[in-house]
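The values are calculated or read from the model by the stated rules, or taken from the named source; none is laboratory data. Predicted model only: the values in this text are computed from it and were never measured. Cβ atoms come from the backbone with ideal geometry, glycine included; neighbour counts cover every protein chain shown.
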Amino acid sequence: MTAVQAERKEAVGTIDLQAVVKEFAGGVRAVDGVDLTIENGEFMVLVGPSGCGKTTLLRCIAGLEEITEGAIVIGGRDVTDVDAKKRDIAMVFQNYALYPHMTVRKNITFGLKVRKTARSEIDVRVEEVTHLLGLEDLLDRRPQALSGGQRQRVAMARAIARRPLVYLMDEPLSNLDAKLRVRVRADLARLHAQLGVTTVYVTHDQVEAMTLGQRAAVMHAGRIQQVDTPQALYWSPVNLFVAAFIGSPAMNMVEARISDGALRFAEFALPLADLGSEAARLPERVILGVRPEHLTLVESGSGPAWSIESEVLVEENLGAEVVVFFAIEAAPVETDEIKSIHDGESEALLATDKRATFTARLPSGTREHLGKRVRFGLQPERCYFFDPVTGESLMQRQVRDEPLPVTVTSTVT
Amino acid sequence: MTTVSPAMPAPRKRRKRMSWWRVAERAFLYVLVVFLVVLFVAPLVWGFLASLRDPSAGVSGPPIPEDLRWDNYRYAWDGAFPFATYLWNTVVITLIATVPAVLTSAFAGYAFARMSAPGKNMTFLFVLATTFIPVSIIFIPFFWVVVKLNMYGTRWPWFIWGIAGSAFLIFFYRQFYAGFPQALDDAAALDGCGHIRTFVQIYLPNSIAPLVVGFVILGTGWWGEYFYAQLLLPDQTLPLGPKIAGGYTDPGLQIVLPAVTLAGSFLFTLPVLIVFFLLQKRLTQGIVTTGVKG
């Protein structure tokens, strides 16, 4: 093998986005200077709330949108000005986009026929994908005679049969019901492990991002906020946005002041000494973040110094765990970033009383707390601090090798 | 299980109630529909009954003729003029003016809905504007163009109308295709299709119902067209419209026979009705886009 050949082989399936900008007519910058390198065979998730530019970025990679600035390199070839059909990619769409007038078999083979693939080769590939995805009984059906999950599989089959350099997936699970979504999610992970083809996967669901991605890029307002493994995003978010977006239920946040050697918010004062030497670096005003799973029940009165107390307003018993909601006598943190995450979510119940709502995840079997005052302990080493103006993380946190607390229930949208 | 503090108000129940004005509205609608049906069907029924009268009796007499003269229909078919020849002329003119028009209008509608070009919206407005020009203003210049192009007395103008499409149908298909899921275009583009293949292999097969609607709307118009046929065609290629409008004249007595003329009119209408009934399912069928969930 010559050096050039080796390089070619090395380059297969990599995607290199260089300062990509997509500006729509009217000056809206949907994608605003994205640099991202996706390795060969990697499963990369683009995640962010609606309107963050993730789908636009995916469509730019596909060649369905022309980019305004920057360059896109796929498999070592600059495809910035190359037509979608010549980019050697396949895409799975949110609504599947199956051709309604074609049978499943024709849907799968259409792209191959257009590309003048030999008939014998087409047969081999159809055989392969039908076996892989269990479509044997569906080949002669039309899309309207298929269930949502089956359509999804056909859409996958169509993409796989093409054997492209790269798969692009645009929220492929969002039209499935919650239970099916969990199963297909697991299938997707297995499929990727089996095929090993570079995949870019767009979702607004951070649970999908956490469970599927080898790495995930969190996007906000057309920019990538942080690209890292799900573990790192969870344990060491670089800013308020990533912290608030990753994790379900979302991280609790409250604005706090630092004075007289203590972190003060509402009626609480937590001694800074417990934070260690890093505490000296904190400015006078910070946003304190605590993940719901890092709040623990402690005995009222005799609890540790880092603890807070409030009345439980809502209690959700999910079987495996109990989620309780309580209010803190402080204003909720409502920066633009955080508002954009909660856009369209209904948290109206408690938000109306203009207090910060905290959530705690407690192990199942804990006795009923509803309407009672309960004391929650905080672990200083698992608290996050952010600059209230810039949103930057003020204290580096170590990535822990603990299973991420991802629940099934949180995927229901 | 979610438990909430008792302070939360319970959602109010809404009671179902049948209001009197809803009943009145229904009743009004039924009356209106029956009225419209009578308005449209009565002349047809009258015409059909009149077509069975004694040809020499004129149009007066009882509504239902005592003696049903079915042979009026035979006379209409091969009496005063060769009905079949003119029927064939009508079929030819209708097909060459309609079939290409439906296809080109659909393609133009696709282009207006899906492709981008500078001045696209102005062009579309211009196309729409042509529908507002009355025939009486353009028929003289049009006539001279036809003469200058040596097309007078030929069927070429109908074919040109055909490939030029219809402004109304272009508008109709543009609206229809604008509602097509964009994802279908994207999927086709990634499958390697250009615009023409996307239109022919993805759009056309998914718009059978609107194509049929276009065919019927335009086809019935050309089937009964009178003015341009009378203006441009010699007698041997005339369609039935002008011929029947001229009335069936008794060769001996040289008088118009209204009953036979009406019988001819019904024969003339029959193919349209047959096409309508054959395509009825397609005409009323919902548009198939079930493969796309969204």
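Taking B:Trp161 as the residue in question, decide whether it is without any contact (Cβ under 8 Å) to a residue 12 or more places away in the chain, of a type outside the set (Lys, Arg) and either buried (at least 16 other Cβ atoms within 10 Å of the Cβ) or within 21 Å of B:Thr94 (Cα to Cα) (or both). Spelling it out, it is not the case that B:Trp161 is without any contact (Cβ under 8 Å) to a residue 12 or more places away in the chain, of a type outside the set (Lys, Arg) and either buried (at least 16 other Cβ atoms within 10 Å of the Cβ) or within 21 Å of B:Thr94 (Cα to Cα) (or both). Among the residues that make up region B:187-205, is at least one of them surrounded by 14 or more Cβ atoms within 10 Å (Cβ to Cβ), in a helix (DSSP H, G or I), within 14 Å of chain A (Cβ to nearest Cβ) and among the acidic types (Asp, Glu)? No, region B:187-205 contains no residue that is surrounded by 14 or more Cβ atoms within 10 Å (Cβ to Cβ), in a helix (DSSP H, G or I), within 14 Å of chain A (Cβ to nearest Cβ) and among the acidic types (Asp, Glu). Would you point out the residue of region B:234-257, among those that are buried (at least 20 other Cβ atoms within 10 Å of the Cβ) and either modelled with pLDDT under 85 or in contact with a strand residue (DSSP E or B) (Cβ under 8 Å, 6 or more places away or on another chain) (or both), that is farthest from B:Asp54 (Cα to Cα)? Restricting to residues being buried (at least 20 other Cβ atoms within 10 Å of the Cβ) and either modelled with pLDDT under 85 or in contact with a strand residue (DSSP E or B) (Cβ under 8 Å, 6 or more places away or on another chain) (or both), the top hit is B:Tyr248. With respect to (1) within 18 Å of B:Cys193 (Cβ to Cβ); (2) of a type outside the set (Phe, Trp, Tyr); (3) away from chain B (no Cβ under 11 Å); (4) crowded, with 20+ Cβ neighbours inside 10 Å, the lone exception for A:Pro100 is condition (3). The listed residues are A:Glu69, A:Glu128, A:Glu65, and the only one of them that is surrounded by 18 or more Cβ atoms within 10 Å (Cβ to Cβ), more than 9 Å from chain B (Cβ to nearest Cβ) and of a type outside the set (A, V, I, L, M, F, W, C) turns out to be A:Glu65.
Looking at region A:106-124, is at least one residue among the aliphatic types (A, V, I, L, M) and facing chain B (nearest Cβ under 8 Å)?
Of all residues in region A:106-124, those among the aliphatic types (A, V, I, L, M) come to A:108, A:112, A:114, A:118, A:122, A:124.
Restricting the remaining residues to those that are facing chain B (nearest Cβ under 8 Å) gives A:114.
Looking for residues that are among the aliphatic types (A, V, I, L, M) and facing chain B (nearest Cβ under 8 Å), one finds at least one in region A:106-124, hence yes.
Residues in region B:121-144 that are surrounded by 12 or more Cβ atoms within 10 Å (Cβ to Cβ) and either of a type outside the set (Phe, Trp, Tyr) or touching a strand residue (DSSP E or B) at 6+ places or on another chain (Cβ under 9 Å) (or both): B:Thr123, B:Val127, B:Leu128, B:Thr130, B:Ile138.
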